[in-house]
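Have a look at the structure below before the remarks.
The values are calculated or read from the model by the stated rules, or taken from the named source; none is laboratory data. Nothing here was measured: the structure is a model prediction, and the numbers come from that model. A quick note on method: Cβ atoms are made from the backbone with ideal geometry, for glycine too, and the neighbour counts reach across all protein chains shown. Accessible surface areas use protein heavy atoms only, side chains included; no ligands, DNA or RNA. Shrake-Rupley method; radii C 1.70, N 1.55, O 1.52, S 1.80 Å.
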Amino acid sequence: MTQPITILLCALGGEGGGVLSEWLIDIARHAGYAAQATSIPGVAQRTGATTYYLEVFPTPLKDLGGKRPVFGLNPLPGRLDVLVSSELLETARQIANGLASSDHTLVITSSARALTTMEKMEIGDGRRDEAQLIQLVQSHSRSHHVLDMASMTREAGTVVSSTLLGCVAGSAALPFARADYEAILQTIGSNSAPSLRGFALGFDAVSQQRAQRGMAQDSLLKTEQTIDIRREHTALFASGFPKSTHAMLSLGHARMLEYQGTAYAQLYLARLSRVLAAEQQADPHGTQGYATTREMTRWLALWMAFDDIVRVADLKSRSSRWARVTQEVKARPDDLLQVYDHFKPGAPEFAALLPAGLAVKVSNWDKRRITAGKQPWALALKVGSHSVLGMASLRLLASLKWLRARGSRFANEQAMIDKWLQAVLAGTQTDWQLGHELALCGRLVKGYGATNERAKDNLLHIIDHLAQAATFASADDRAQAIRAARAAALTDEGGKALDMALVQHGAPARPVKAQPIRWVKTPPGRVAPGTTPQGG
């Protein structure tokens, strides 16, 4: 379903925020789009601000067949598409309110400051650190444009609302042409000339930043494409893998070599070869761009290189990690740097490296402890990785790759991977879209500990009750059910949305796992919750 483009405009008193809001509404109507604006009044100058919330439907009215979109009145936290602000601290305030998000929001802000009353009251220099404010913008935005709009406004001899409008237009966040913006500005009378100058300066500044970022991204892409790939990789690619999979395949193969060695990397390639063969059979002309194989190269590599105590020790003992920590703390060459790593491996982590028989005994022992009301067993460790003994301990643990392959968890993970792989192969042979949806289910496997176990249980439940179900009228219906279940699982960590999606498509909800009931004895002299003291 197409959603409206959401915009929040933030301006100080007297900066023309209301005018900017009206301009955008008029521009939308001029261009033939539906739009709506609401405002939250503030107070004068820097003691407050006025915010204007707009929603623009991205489809022209003439293409809606007489239907009218339904708009909201307030921005939703984390779902804002564009945040536009004329003052840097005001931008940070809106980000602190949770409106912007690093994966969804484009932030357009002026680097100019209008000092708050508290900043002016300080005896010394009470100004906020602008570098920290800019860092906040960078870390909480999908993309951002930080510009000195105050100087551009002075240069144009206009008000900042005109410059803000140009920045919005230059960002291409709205489906309007530049002529649509300029047509509205030309109707404001004698002030149109300076407003158009401010608009042009803002438009050119943002357009230039976008062009520079595009060139940088193209340069990075070309650099990645020209990375020297191992000769063995080149031979493998030439043996049948399509070019569209080469980049991800090389990364996955390198990760398997690092994780477990050559034999494991060969297993990774063998599994992908089976997927490619099934996809070539379902789509012999490659009209889908081998999308299923591309997705499997990514999610299969991530699952096969699952995190355990061996991998954690390996990552924490690398020289690159020490260099990164040194840089983060800004340690100078003559500084003494000490780094302590805290570990708390429990019975599951130790059982993972043991054979199945011993692993079951360790797990059952820990379960009996929990049932008896005790906390799960764990060994708290504090390792100084700056010391010879600490680093030697980490490297010793990192060298246990040979033991990992003989452990119970490795066998269990491979069995689950094979089950998922077989479902993808069977689905692809039945219908390309069905296999593709099952391949995308690899996204479900993420996180650590209980989160990771729950994610794998969700995936296996979808395979058992949707991928292999015979109750669907067609493979397309089955693919849609899997897509809906996957989306539900990714939006709700608790799993309620997934259970609803499963039941909606005729599958049983996930079984409820047994949890021990813990009885806590009330200490003497303390009243238990929900009771009243005796006497008096």
Could you calculate the FRET efficiency of Lys361 with Val512 from 1/(1 + (r/R0)^6), where r is the beta carbon distance between them and R0 is 35 Å, rounded to 0.05? 0.85
Gain on full stretching of the segment that runs from Glu155 to Ser320 - 0.36 nm per residue minus C-alpha separation: 54.6 nm
Additional length obtainable on full extension of the chain from Ala263 to Ser102, 0.36 nm per residue less Cα span: 54.1 nm
How far is the Cα center of the range 484-519 from the Cα center of the range 112-166, in Å? 46
For the chain, the percent of accessible surface on carbon and sulfur atoms (probe 1.4 angstrom, ligands and nucleic acids excluded) is 56
Please report the relative contact order for the chain, taking Cα pairs under 8 Å with a sequence separation of at least 6, and give it as a percent rounded to a whole number. 8
Computed ³J(HN,Hα) along the range 18-28: with the Karplus parameters 6.51/-1.76/1.60, θ = phi - 60°, integer Hz and x for glycine or proline, the list is x, 5, 4, 4, 5, 4, 5, 5, 5, 5, 4
Using a 1.4 Å probe, how large is the accessible area of Arg368, given in Å² and rounded to the nearest 10? 150
Estimated inter-spin distance, Met500 and Gln3, nm [label 7 Å along Cα→Cβ]: 1.6
Treating only the Cα positions of the range 28-174 as identical point scatterers, give the base-10 log of I(q)/I(0) from the Debye formula at each q in 0.17 Å⁻¹. -1.07
The chain - charge dipole about Cα centre, Lys and Arg +1 at Cβ, Asp and Glu -1, debye rounded to 20: 2160
With a 1.4 Å probe and all protein chains kept in place, how much accessible area does Leu165 have, in Å² rounded to the nearest 10? 0
Note: Thr187 to Asn452 extended length (0.36 nm per residue) minus current alpha-carbon separation gives 89.5 nm
Tell me which residues come under 5 Å, amide H to amide H, from Trp377 once H is placed; ignore anything under 5 positions away on its chain. Ala347
In the structure shown, do any of Lys344/Lys401; Lys243/Lys401; Lys401/Lys456; Lys316/Lys496; Lys401/Lys496 have a Cα-Cα gap over 29 Å, and if so which? Lys243/Lys401; Lys316/Lys496; Lys401/Lys496
Run through the range 46-91 and list the trypsin sites (Lys or Arg not before Pro) located in a DSSP loop whose Cβ has at most 15 other Cβ atoms within 10 Å. Lys67, Arg79
Counting only DSSP beta bridges fully inside the chain, the antiparallel percentage to nearest 5 is 60
Computed [θ] at 222 nm, deg cm²/dmol, the chain (DSSP H ≥ 4; -39,500 (n - 2.57); rounded to nearest 500): -16500 deg cm²/dmol
Whole-Hz ³J(HN,Hα) for each residue in the range 72-86, computed from phi via Karplus 6.51 cos²θ - 1.76 cosθ + 1.60 with θ = phi - 60°, x for glycine and proline: what do you get? x, 9, 9, x, 9, x, x, 10, 6, 7, 9, 10, 10, 9, 9
Counting only protein heavy atoms and rolling a 1.4 Å probe, one gets per residue an accessible area for the chain in Å² of 55
May I ask you to derive the FRET efficiency for Ser399 and Gln375 from their Cβ-Cβ distance with R0 = 45 Å, giving the value to the nearest 0.05? 0.90
Residues whose modelled amide H sits under 5 Å from the amide H of Leu354, counting only those 5 or more places away in sequence or on another chain, are Ser408, Arg409
